[in-house]
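Note sheet for the following structure.
The values are calculated or read from the model by the stated rules, or taken from the named source; none is laboratory data. In this text the structure is predicted, and so the values were computed from the model without any measurement. Here the Cβ positions follow ideal geometry from the backbone for every residue, glycine too, while neighbour counts run over all protein chains shown.
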Amino acid sequence: MSLLSIRDLVTEFESPSGTARAVDGVSFDVAPGEIFGIVGESGCGKSATCRSILRLFGGAPARIAGGRILLDGAGDLAAMRERELAQVRGRDVAFIFQDPLTALNPTMRIGRQIGEVIRRHRDVTRAEARDAALQLLRDVHVTSPERRLDAYPHELSGGLRQRVVIAMALALRPRLIIADEPTTALDVTVQDQILRLLKERCDSLGTSIILITHDLGVVSQICDRMAVMYAGRVVETGAVREVLDAPSHPYTRALLAALPGQVGRDSELVPIGGAPPSLIDPPPGCRFAPRCVFAQPQCRIGAPPALRARAGAGEGHLDACILNEVCHAAA
Amino acid sequence: MILAILKRLLMLVPVLIGITVISFLLLQIMPGDPASRAMGTRASAEELQAMRELWGLDKPIWVQYLYFLRDCLTGSFGVSIFHKKPIIDLVAERLPFTLAIVGYSTVIALVIALPFAILAAANRGRMLDNLIRQIFVVVIAMPPFWLCYVLIIWLALRMGWFSTGGIGDGFVANLGRLFLPSLVVGLSTAALVQQSLRAALIDTMKADYIDTARAKGLRGHEVFLRHVLPNSLISTISIIGVRVSWIIGGTVVVEKIFSVPGLGSLLIDAIVSRDLPVIRGLTVFFAIMVVIVNLITDICYALADPRVRLE
Ligand SMILES: Nc1ncnc2c1ncn2[C@@H]1O[C@H](COP(=O)(O)OP(=O)(O)OP(=O)(O)O)[C@@H](O)[C@H]1O
Ligand SMILES: [Mg+2]
């Protein structure tokens with residue numbers, strides 16, 4: 001049974017030069033308690049996918065143009081009205097944004113910002129919310145938490161701020177936390193601490209995480225399953241060990257090859273040539289074909305290929321390449 | 001905080017000395033003899049001479065300046081030739097009306113600007129936003145004297161809702177009397193505040209912490225009232241500060257038309273009657289007010305935004 005099932009999600013951004021399909025037919029499942037990683041080049045639609053789940057587009061002219069976002073017990077989030085969705089936000093599904101400095105209101109004290117989410121969904125007094133906030137700060141190992149309650153965000157370091165954001169996200173013990181590059185904006189030395197904290201807290205609460213990251217090393221360390229996105233589509237998905245150890249889509253391979261061998265691969269460092277296609281008017285067929293060293297004429301026609309299981313692949317390991325292993329080996 | 005304020009006040013001393021020098025020198029260039037102005041055309045040469053001696057106009061310039069500096073330091077700012085009173089007394093009589101217009105017009109401006117800024121920001125890029133923008137452009141473009149007369153003819157004479165000018169007795173009476181002049185002044189403030197607040201609202205609505213607030217499940221009005229509006233209003237503090245220092249000396253036309261005895265009309269009367277000490281004293285007084293308003297603006301800023309510290 002899945003906690004979250006995304007089916008054929010389409011999300012469009014209006015821009016002066018046309019409508020960009022930032023998410024174009026994305027499907028994946030997240031099981032309870034699981035950490036699901038999403039990776040891909042910048043601009044491939046990772047954030048757009050995750051923001052679609054709670055419909056938080058930061059004032060950008062975006063809309064969900066199709067598909068379903070099924071949350072166990074709550075129904076289709078994509079079809080919900082704003083009022084109903086507001087009940088789900090913070091209570092069932094929480095969000096952790098990339099930059100903890102800008103993610104906190106600069107003119108509101110920390111304690112009140114954490115208490116706010118509690119008071120929104122539970123009938124508690126100001127004092128009770130404050131006590132709960134204090135406990136939450138302790139849970140994320142913030143030092144001298146009493147003092148921090150009355151601090152403003154700018155008085156805290158980046159790492160502390162992200163702990164506050166995590167505390168806020170965990171306040172109502174949601175079933176799913178969406179973390180959009182939660183450590184990218186942080187000092188390298190605290191990135192690891194924050195990720196381990198997030199994993200530790202979620203493990204103990206049984207919370208699932210969707211983790212967006214650029215770092216395949218992080219995925220390999222803490223994620224259970226993953227999806228690789230390219231130009232608004234999932235091109236490969238499966239258990240992390242399957243995807244990283246036996247990548248079957250040429251894009252995933254190229255991505256791994258472009259990595260300084262921290263995932264334990266012995267191949268040379270090979271950057272991917274070319275640039276991702278336009279999302280306003282994408283090329284026909286496989287979107288990676290123009291950059292793919294294996295591409296055949298049939299790759300460049302028709303609808304983008306769907307995800308499918310390859311012969312001999314592990315359970316739930318799918319990719320969206322129409323070529324067979326012989327073609328891959330031949331090149 | 002208090003230490004910072006004291007420090008700021010201390011830094012004013014050189015600024016104010018500079019202002020006294022400049023205002024003193026500028027007025028030396030002004031044509032017309034203050035003594036003959038004060039005495040009228042029928043005064044004899046001896047009477048004029050006596051007058052000049054009495055007011056110190058026959059002394060060397062630097063002596064006159066030192067007299068002036070002494071007057072500023074003792075707080076009298078000099079003595080009016082025309083009114084034969086210390087300038088500070090004249091200011092004290094008129095300052096309440098000017099401050100009333102400052103406060104009243106600012107309240108009116110906020111009442112007008114707030115809803116239109118919110119409406120425009122919520123509909124940015126659409127018809128309504130453009131319409132509101134056009135309306136306020138027209139408001140800014142209207143000359144104040146013309147607007148004064150339009151309002152007098154319409155609301156005072158034709159509708160009879162307000163008096164055509166003058167001041168009343170007591171707070172309530174003046175609330176009615178000062179409405180039209182404050183409205184004229186407030187409309188320009190409103191246009192400025194509307195523009196800047198609209199921009200600030202649009203900016204704030206894109207901020208990450210607004211997404212955070214919505215991610216908590218807060219409803220639209222909760223997000224707006226608790227997060228968007230307070231953070232946007234901070235940026236209008238400085239606009240209002242600039243307007244207030246301008247209004248203190250700059251409402252001559254409105255004060256004249258509505259016969260409000262404020263500082264603006266005091267200044268214009270002094271210029272007309274060549275009342276040199278009043279012009280000089282007021283210039284220095286206005287400068288002090290501008291500096292004080294600036295300081296108050298900065299204090300408000302520091303209170304509203306925890307990231308800002310008073311330097
Ligand atoms: N505010 C916006 N206005 C218009 N188009 C946008 C906006 N934000 C995103 N897009 C479009 O959506 C596409 C996907 O953006 P998204 O932010 O989801 O990428 P991402 O995978 O999260 O990249 P990154 O790794 O840089 O965060 C972009 O290529 C762009 O075309
Ligand atoms: Mg992103």
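For the reader, a short list of remarks on this structure follows.
- Some residue of region A:45-54 being facing chain B (nearest Cβ under 8 Å) and surrounded by fewer than 21 Cβ atoms within 10 Å (Cβ to Cβ): no
Every residue, every condition in (1) farther than 22 Å from A:ALA31 by Cα; (2) within 16 Å of ligand 2 (Cβ to nearest atom), yes or no:
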| residue | (1), (2) |
| --- | --- |
| A:GLY58 | yes, yes |
| A:ALA65 | yes, no |
| A:ILE69 | no, no |
| A:ASP72 | no, no |
| A:GLU82 | yes, no |
| A:LEU85 | no, no |
| A:ARG89 | no, no |
| A:ASP99 | yes, yes |
| A:ASN105 | yes, no |
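- Candidate set: region A:1-44, residues that are polar (S, T, N, Q), surrounded by fewer than 22 Cβ atoms within 10 Å (Cβ to Cβ) and more than 14 Å from chain B (Cβ to nearest Cβ); chosen: the one nearest to ligand 2 (Cβ to nearest atom): A:SER42
- Number of residues in region A:72-88 that are away from chain B (no Cβ under 14 Å) and not acidic (Asp, Glu): the value is 4.
- Candidate set from region A:89-107 (those that are more than 7 Å from chain B (Cβ to nearest Cβ) and under 16 Å from A:PHE57 (Cβ atoms)); member that is modelled with the highest pLDDT: A:VAL93
For (1) crowded, with 24+ Cβ neighbours inside 10 Å; (2) among the aromatic types (Phe, Trp, Tyr), each residue gets a yes or a no:
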| site | (1), (2) |
| --- | --- |
| A:LEU216 | yes, no |
| A:GLY232 | yes, no |
| A:ALA239 | no, no |
| A:PRO247 | no, no |
| A:TYR251 | yes, yes |
| A:ALA257 | no, no |
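- Any hit, region A:71-94, residues being within 26 Å of A:THR184 (Cβ to Cβ), among the basic types (Lys, Arg) and in contact with a helix residue (DSSP H, G or I) (Cβ under 8 Å, 6 or more places away or on another chain): yes
- Residue ID - nearest to ligand 2 (Cβ to nearest atom), chosen from residues in region A:198-231 that are of a type in the set (Gly, Ala, Ser) and under 13 Å from the mean Cα position of the chain (by Cα): A:ALA227
- Meets criteria (within 14 Å of chain A (Cβ to nearest Cβ) and surrounded by 21 or more Cβ atoms within 10 Å (Cβ to Cβ)) for B:VAL228: yes
- Taken together, the residues in region A:178-197 that are within 16 Å of ligand 2 (Cβ to nearest atom) and of a type outside the set (S, T, N, Q) amount to 7.
- Qualifying residue in region A:22-35 (condition: within 10 Å of ligand 1 (Cβ to nearest atom), over 16 Å from A:GLN98 (Cα atoms), in contact with a Phe, Trp or Tyr (Cβ under 8 Å, 6 or more places away or on another chain) and not β-branched (Val, Ile, Thr)): yes
- Sole exception among (1) in contact (Cβ under 8 Å) with a residue 40 or more places away in the chain; (2) away from every other protein chain (no Cβ under 11 Å); (3) under 23 Å from B:PRO230 (Cα atoms) for A:ARG148, by number: (1)
- Hey, B:SER105 among the small types (Gly, Ala, Ser) and outside the structural domain of B:LEU229 (by TED's automatic domain parsing) or not: no
- Index of the failed condition, A:ALA185 passing every other in (1) touching a residue at least 40 places away in the same chain (Cβ under 8 Å); (2) crowded, with 23+ Cβ neighbours inside 10 Å; (3) under 17 Å from the mean Cα position of the chain (by Cα): (2)
- You will find that of A:GLY111, A:GLY73, A:GLY58, A:GLY90, the residue that is away from ligand 1 (no atom under 16 Å from the Cβ) and surrounded by fewer than 17 Cβ atoms within 10 Å (Cβ to Cβ) is A:GLY73 and no other.
- Test result for A:ILE177, within 14 Å of another protein chain (Cβ to nearest Cβ), in contact (Cβ under 8 Å) with a residue 40 or more places away in the chain and over 30 Å from A:GLY217 (Cβ atoms): no
- Identification of helices (runs of 4 or more DSSP H) wholly contained in region B:10-103 with 1 or more residues that are modelled with pLDDT of 80 or more and surrounded by fewer than 18 Cβ atoms within 10 Å (Cβ to Cβ) yields B:45-55, B:61-74.
- For region A:114-132, the set of residues classified as more than 7 Å from chain B (Cβ to nearest Cβ), surrounded by fewer than 24 Cβ atoms within 10 Å (Cβ to Cβ) and not basic (Lys, Arg) consists of A:ILE118, A:ASP123, A:VAL124, A:THR125, A:ALA127, A:GLU128, A:ALA129, A:ASP131, A:ALA132, listed by residue number.
- A residue that is in contact (Cβ under 8 Å) with a residue 12 or more places away in the chain, surrounded by fewer than 16 Cβ atoms within 10 Å (Cβ to Cβ) and either assigned by TED's automatic domain parsing to the domain that holds A:PRO32 or among the polar types (S, T, N, Q) (or both) occurs somewhere in region A:204-211.
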